[in-house]
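What follows is a single structure, written as structure tokens, with notes after it.
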């Protein structure tokens, strides 16, 4: 078994990818407690650093693709660097492969997946990306490629609760529901009507339950419209990592479109409903989270489903997702609050 001691991950800066990389980092750490891991990314570092409090063996380096020479200190830091490049169904940028090859030249290892681009022969360990397999299992396979049989555990984020954050908003643990309506593309987001329908249904079933609507900077217009139409909702907008984590962690229930913050809810162990959209990748849905219900609808069908087996049978043939109707989301919410 050749357990790496100095590892570099290349990362895009998205929340979901980062959480999965923390899971991968923990797999390596449990195999070798002296491991040192650097995550190199071009953006979003100030937000993501907020998750590292319980991961002293992980550091973040923000390095623009236009300034690759800033990686040189890493090259001289260790005589044996393992570089891991993430799997994709598309192409890994050629510069990422070349940088990984360079950094691993001093007796290290370059791990990557077969993709549609050139120079996959640079990889010391060439793996194959099976999109039929949940993404977290693909990360486990990376560890196994080093001859390590990692302990099996559910992906979780180690983070402490912050009662002050709840008190500032008048919230009590497990006495509120978090709705996260926004997605990167507006057409994949929950509509204001859908959010208002969910909020009203929650109040009818649980009159003493508060409604928190969360979102990032790009969701400002959507959240402000919801607040204007329903002044009773509590907004949690563009909060730092620790604050939004504290709010989601202590919620009775979370519901959101398939996005990075929904993975955050799953990593925090919060009871959750995650709704697939047209851009959802099947293997990226949070099948790892036993406390989570995944809602999806295939575009050519009317039935909203939750089971992975039917999805694997049908979606892998190329059938796209369609929008999940608001009444199905309301029904799932009410069932989860029972």
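Scanning region 39-72 for residues that are modelled with pLDDT of 80 or more, assigned to a loop (DSSP other than H, G, I, E, B) and surrounded by fewer than 13 Cβ atoms within 10 Å (Cβ to Cβ) gives a single hit, 56.
Tallying residues that are out of contact with any strand residue (DSSP E or B) (no Cβ under 8 Å at 6 or more places or on another chain) and either assigned to a strand (DSSP E or B) or within 22 Å of residue 257 (Cβ to Cβ) (or both) within region 9-38 yields 7.
Residue-by-condition table, conditions (1) within 27 Å of residue 133 (Cα to Cα); (2) out of contact with any helix residue (DSSP H, G or I) (no Cβ under 8 Å at 6 or more places or on another chain); (3) assigned by TED's automatic domain parsing to the domain that holds residue 256; (4) free of Cβ contacts under 8 Å to residues at least 60 places away in the same chain:
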{"position": "20", "(1), (2), (3), (4)": "yes, no, no, no"}
{"position": "42", "(1), (2), (3), (4)": "no, yes, no, yes"}
{"position": "67", "(1), (2), (3), (4)": "no, yes, no, yes"}
{"position": "91", "(1), (2), (3), (4)": "yes, yes, no, yes"}
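Taking region 104-124 as the range and being over 27 Å from the mean Cα position of the chain (by Cα), outside any loop (DSSP other than H, G, I, E, B) and under 20 Å from residue 40 (Cα atoms) as the test, only 122 passes. When only residues in region 73-85 that are touching a helix residue (DSSP H, G or I) at 6+ places or on another chain (Cβ under 7 Å) and in a loop (DSSP other than H, G, I, E, B) count, which is surrounded by the most Cβ atoms within 10 Å (Cβ to Cβ)? Checking each candidate, the answer is 81. Here residue 225 fulfils each of the conditions (1) buried (at least 17 other Cβ atoms within 10 Å of the Cβ); (2) in contact with a helix residue (DSSP H, G or I) (Cβ under 6 Å, 6 or more places away or on another chain) apart from (1). The set of residues from region 198-222 being within 14 Å of residue 180 (Cβ to Cβ) and buried (at least 17 other Cβ atoms within 10 Å of the Cβ) comprises 198, 199, 211, 212, 213, 214, 215, 216, 219, 222.
A single entry from 269, 279 fulfils the requirement of being outside the structural domain of residue 23 (by TED's automatic domain parsing), under 25 Å from residue 47 (Cα atoms) and modelled with pLDDT under 90: 279. Only one of the numbered conditions (1) in contact with a strand residue (DSSP E or B) (Cβ under 8 Å, 6 or more places away or on another chain); (2) modelled with pLDDT under 95 is violated by residue 247, and that is (2).
More than 19 Å from residue 22 (Cα to Cα) and in contact with a strand residue (DSSP E or B) (Cβ under 9 Å, 6 or more places away or on another chain) - does that describe any residue in region 83-92? Yes - at least one qualifying residue is present in region 83-92. Of the strands (runs of 3 or more DSSP E) that lie entirely inside region 240-338, those containing 3 or more residues that are in contact with a helix residue (DSSP H, G or I) (Cβ under 7 Å, 6 or more places away or on another chain), crowded, with 22+ Cβ neighbours inside 10 Å and in contact (Cβ under 8 Å) with a residue 60 or more places away in the chain span 253-257.
Return the residues of region 185-197 that are loosely packed, with under 14 Cβ neighbours inside 10 Å and either in a loop (DSSP other than H, G, I, E, B) or not assigned by TED's automatic domain parsing to the domain that holds residue 253 (or both); say none if nothing qualifies.
Here is the first cut: in region 185-197, the ones loosely packed, with under 14 Cβ neighbours inside 10 Å are 185-187, 193.
Within region 185-197, just 185 meets the criteria.
Looking only at residues in region 125-137 that are under 24 Å from the mean Cα position of the chain (by Cα) and over 18 Å from residue 28 (Cβ atoms), the one that is modelled with the lowest pLDDT is 132.
The values are calculated or read from the model by the stated rules, or taken from the named source; none is laboratory data. It should be emphasised that the depicted structure is a prediction, and the values quoted were computed from it without experimental measurement. Quick reminder, even Gly has a Cβ in these numbers, built from the backbone with ideal geometry, and neighbours come from all protein chains shown.
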